[in-house]
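Worksheet: the structure to be examined is printed underneath.
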Amino acid sequence: MKQTLLQSWQDSSWPTIKSSKPLETGDGVIDQRTFNTIEVDELFDAVNHASTIAGQAVLYRSLAQPMNELDQIKAKQQAVEELRNNPALKERLEQIIQYAVPDEKNFYLLLFGEFLGTFGTAREEHEIEGYGYLQYKRGVRFMLELVDQVQSAEAPQSDYLKGLFDKIKAFAESRPYSLMQGPVYITENDIQCKEQRKGSFSPAVIFKPRLFKPLLISLFFGAVWALAHFFPTDMFQVSVEAIPTASIFFVPFLLVYYPIVGGFDRDSCIIPLRNEFKSSPAVGETLDALGRLDELLSFIKFADAFGGSKVLPELVDAPHHRINLEDARNPVLGKQNPDYVGNDFVLEDDKLVLVTGPNSGGKTAFCKTVTQIQLLAQIGCYVPAKSATLTVADRIFYQAPDISHLDDGEGRFGTELKRTKDIFLAASPKSLVVLDELSEGTTFEEKMESSSNVLNGFYRKGNSTILITHNHQLVDHFVAQRIGLPRQVEFADDAPTYKLVPGISRVSHADRVAKKIGFSKEDIDNYLADS
């Protein structure tokens, strides 16, 4: 079971949106290397339209740790469709989210803020001046009003939305809610809520989040009056008539009263209460529910802002991974870009696609499009396509050359082969695997043999595999065996069209690229002649 946001923030000095991390290779749908390669941070920026910190953190967690259960994803899609088809419910949910935004940071300040002491001045958002009364009142107000807002909202129909509403409503039955609502009783041994005090006659101090305590002040002056009236002495001769004169001692009294009372409330009430709230599963579940509601709205806002065709993909069950996309566009590069070139893509029973073509033709961008669409589908989000039908991938892997990992003494070939082995062992027939070149760092003959062995292994395992390669001889080898679909990026008039078309590219545009960046043979000759 995933950690709640509150659990992931326990060791942080302040809640962070990007606190979630991908799981280890084979444990989650994507691992850290894939996460980095398919640029999930950029994908998050494109999709993120959440208003609350909790909503943004939930969205980021969804992308880092996507679902792999068909029923769960469909339930989330149904919630998105209900909001899309029920404008009144969507508007009410937007009101709930917007109502939560102003006080959300106040709640985090209560939970994570740093107390500066009596005379400190707050200069950072995580610093608390004084004794924390204002922060406490604002913080608990956020949670209490969230429950009130959801309780007064129209009941949704979809199971996913109903479950989130029910979690927030259930918070009203918890001890933290009762403590937030008050009164709070401070006993010798613990802090109690009103339900715990029923039938109890043990002494307790009632905590009120304010420095002015009328009863305490009255008791103090009553005690002074009683001492003066009933026990007059030479050292303490005060009569009832002299009480107005004695008021000159009120200022010194306040200088003692403030630090004693404020310090007691902070150290014995506010800090213990915030520690309980911070570690409470009920609080964590309620914050998560708020974040998930905001995430659903973010999906709709992303679809509205994207421009062009968007669709909630049709999810199907099958013994091995399948994907069928019409006019698929990159979720990051295609956002608000009407000139972005979409592509159709089908990978079903063939299980292997071999993509060739010169550099800068769009091979990598296309493969990132496929993996990012698969990822968005598995968090219940819209995808940029005219239509999309796919299965849920239990693993999404993207292997690309990464020189930052050349530190194990194996060289490039050995390091990349280790990564390929890890992917192979973790993959299943329901996995999606993208390999950007294979067996680099060795001779052509060894590259052909090793690449052929690896691709045959993946093909026999039964997962969907996409290979990006410049090695058209390797593609010829598989096509001759009637294995895999050869695809190439199209060029017209020596320029890329960014369309993926059938065929095998046998043309190198290395000289064109070298001329473009000013490092062709002619450029080198000119540099040498000028030196």
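Would you confirm whether any residue within the stretch 263-270 is at pLDDT 90 or above and not in a helix (DSSP H, G or I)?
No, the stretch 263-270 contains no residue that is at pLDDT 90 or above and not in a helix (DSSP H, G or I).
What residue, among those in the stretch 486-522 that are out of contact with any strand residue (DSSP E or B) (no Cβ under 9 Å at 6 or more places or on another chain) and hydroxyl-bearing (Ser, Thr, Tyr), is modelled with the lowest pLDDT?
508
When you check residue 364 against the structure, is it of a type outside the set (D, E, K, R), at pLDDT 95 or above and within 16 Å of residue 400 (Cα to Cα), yes or no?
Details: of a type outside the set (D, E, K, R): yes; at pLDDT 95 or above: no; within 16 Å of residue 400 (Cα to Cα): yes.
Judged against the criteria, residue 364 is not a match.
From the list 460, 487, 482, which one is buried (at least 21 other Cβ atoms within 10 Å of the Cβ) and basic (Lys, Arg)?
Testing whether each residue is buried (at least 21 other Cβ atoms within 10 Å of the Cβ) and basic (Lys, Arg) leaves just 487.
Go through the residues of the stretch 437-454 one by one and say whether even a single one is at pLDDT 95 or above, among the hydrophobic types (A, V, I, L, M, F, W, C) and crowded, with 16+ Cβ neighbours inside 10 Å.
Within the stretch 437-454, the first condition is being at pLDDT 95 or above, and the residues that meet it are none.
Within the stretch 437-454 (the criterion being at pLDDT 95 or above, among the hydrophobic types (A, V, I, L, M, F, W, C) and crowded, with 16+ Cβ neighbours inside 10 Å), the answer is no, since none of the residues qualifies.
For a quick check of your reading of the model, give me the residue pairs whose first member lies in the stretch 152-173 and is farther than 12 Å from residue 289 by Cβ, whose second is among the charged types (D, E, K, R) and modelled with pLDDT of 95 or more, with beta-carbon atoms closer than 8 Å and at least 6 apart or on different chains.
153/92; 154/92; 155/162; 156/82; 156/162; 157/82; 158/81; 158/82
Residue under question is residue 471, and the condition is that it be among the polar types (S, T, N, Q), in contact with a helix residue (DSSP H, G or I) (Cβ under 9 Å, 6 or more places away or on another chain), in the same structural domain as residue 343 (by TED's automatic domain parsing) and within 17 Å of residue 357 (Cα to Cα); does it hold? Don't jump to the end; show me each part of the working.
On the way: among the polar types (S, T, N, Q): yes; in contact with a helix residue (DSSP H, G or I) (Cβ under 9 Å, 6 or more places away or on another chain): yes; in the same structural domain as residue 343 (by TED's automatic domain parsing): yes; within 17 Å of residue 357 (Cα to Cα): yes.
For residue 471, the condition - among the polar types (S, T, N, Q), in contact with a helix residue (DSSP H, G or I) (Cβ under 9 Å, 6 or more places away or on another chain), in the same structural domain as residue 343 (by TED's automatic domain parsing) and within 17 Å of residue 357 (Cα to Cα) - is met.
The values are calculated or read from the model by the stated rules, or taken from the named source; none is laboratory data. Since this is a predicted model, take the numbers as computed values, not measurements. With ideal geometry, Cβ positions are generated from the backbone for all residues, glycine too; neighbour counts draw on all protein chains shown.
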